[in-house]
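J.: Let me give you the structure first, and then I'll get to my questions.
Derivation of every value follows stated rules applied to the coordinates shown; laboratory data play no part. Since the model is a prediction, treat every value here as computed from it, not as a measurement. Backbone-built Cβ (ideal geometry, glycine too); neighbour counts: all protein chains shown.
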């Protein structure tokens with residue numbers, strides 16, 4: 001159904017160009033699995049900025065960013081502005097935003113006993129303006145956590161992509 005061309009990749013992301021074989025629509029998708037440590041994540045933000053500077057057309061950045069964008073996206077434990085700020089700046093610089101989403105607010109938890117449980121919104125589906133224009137009814141559904149520490153995400157649309 002899709003032709004996928006991997007443009008570049010490293011330990012924290014895979015960036016690809018995707019073309020739907022029926023509609024011939026083309027979009028860019030960057031799948032992220034960010035490192036846990038703030039210093040180890042820093043190169044990811046620079047790489048996403050570099051990718052953004054070369055994108056013309058719909059682009060989504062999706063996956064586990066291992067960081068929250070705002071304090072209200074964490075429940076339990078401490079929230080560090082120093083950890084959030086580089087991610088916020090990257091999102092602003094790349095001119096992307098969260099796609100409309102439904103379901104679970106927190107996408108990860110540490111699976112500890114209730115008094116020690118920490119919840120975070122670590123998983124996201126970020127898109128640029130061209131994506132919103134091309135796929136206006138698309139949204140992300142974050143399912144219940146069940147057995148895993150992350151909630152599964154399904155991206156849905158009524159329109160053929």
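J.: Hey, which of the strands (runs of 3 or more DSSP E) in the range 1-107, taking only ones fully inside, have at least 1 residues that are in contact with a helix residue (DSSP H, G or I) (Cβ under 9 Å, 6 or more places away or on another chain) and in contact (Cβ under 8 Å) with a residue 60 or more places away in the chain?
T.: Once the strands (runs of 3 or more DSSP E) in the range 1-107 are filtered for at least 1 residues that are in contact with a helix residue (DSSP H, G or I) (Cβ under 9 Å, 6 or more places away or on another chain) and in contact (Cβ under 8 Å) with a residue 60 or more places away in the chain, what remains is 26-33, 59-64.
J.: Within the group 102, 68, which residue is closer than 20 Å to residue 35 by Cβ and in contact with a strand residue (DSSP E or B) (Cβ under 6 Å, 6 or more places away or on another chain)?
T.: None of the others qualify; the one that does is 68.
J.: Here's another thing I want to ask about it. Please find, within the range 108-136, the residue that is surrounded by the fewest Cβ atoms within 10 Å (Cβ to Cβ) out of those that are part of a loop (DSSP other than H, G, I, E, B) and over 18 Å from the mean Cα position of the chain (by Cα).
T.: This residue is 113.
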